C-alpha cells in the first residue's frame with residue numbers, strides 16, 4: 001500500500017508529460033499548416049505528382065525556379081527549392097486533388113493521422 005502511494009505521483013507526472021508532448025506536436029502541426037495556407041495564397045496550383053508531391057507556380061524571379069514543391073523528406077514536410085521544413089515528426093503525407101480543394105493527409109510519428117483541405121492557390 002505504501003509503495004502505491006509513493007509511485008502514484010510519478011505515474012501521474014509521466015502521463016501529464018506525455019500529454020504535453022502530444023500537444024506540442026499538434027501545435028507544431030497547426031503552425032506548419034497555417035504557414036502552408038499562407039504561402040499557397042500567393043501561388044497558382046500546378047499538379048500533384050504521385051500523390052506525394054504538391055506543386056505550385058510562383059511568379060518568376062531571376063535565377064529562381066518558377067515552381068515550388070511540398071514533399072515528404074526524411075521525417076518532415078518541406079518546401080523546395082531550397083530546404084524549408086514546415087512540419088516535423090512526419091511519417092507520411094498524401095495529397096489528393098478535388099475540383100476546388102486539395103486534400104492533405106498527414107501522419108505523425110506518434111501514429112496520429114490528420115486530414116486537411118487546402119485551397120488551390122490565389123493566383
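Each reported figure results from applying straightforward, stated rules to the coordinates on display, with no laboratory input. Computed from a prediction, not measured in an experiment: that's the story for all the values here. Cβ sites come from the backbone with ideal geometry, for glycine too, and all protein chains shown count toward neighbours.
What shape does region 64-123 take by its C-alpha gyration tensor, where a ≥ b ≥ c are the square roots of the eigenvalues and a/c under 1.5 counts as rounded, a/b above b/c as prolate, and the rest as oblate? Display every interim value, and only then the final one.
Numbers: a/c = 2.83, a/b = 1.14, b/c = 2.47.
Cα axes put region 64-123 in the oblate bin.
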*Mind giving me the FRET efficiency for residue 115 and residue 67? R0 is 22 Å, r the Cβ-Cβ distance, nearest 0.05 is fine.*
0.30
*Taking N as the number of residues in region 31-110, what is its Cα Rg relative to 2.2 N^0.38 Å?*
1.06
*Would you mind pulling out the separation of the Cα centroids of region 99-118 and region 38-59, in Å?*
15 Å
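Provide the FRET efficiency to the nearest 0.05 for the residue 38-residue 107 pair, computing r from the beta carbons and using R0 = 35 Å. Display every interim value, and only then the final one.
Values: r = 23 Å, r/R0 = 0.65.
E(calc), rounded to 0.05, equals 0.95.
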*Between residue 27 and residue 47, what is the spin-label point distance in nm, taking each point 7 Å from the Cα along the Cα→C-beta axis?*
4.0 nm
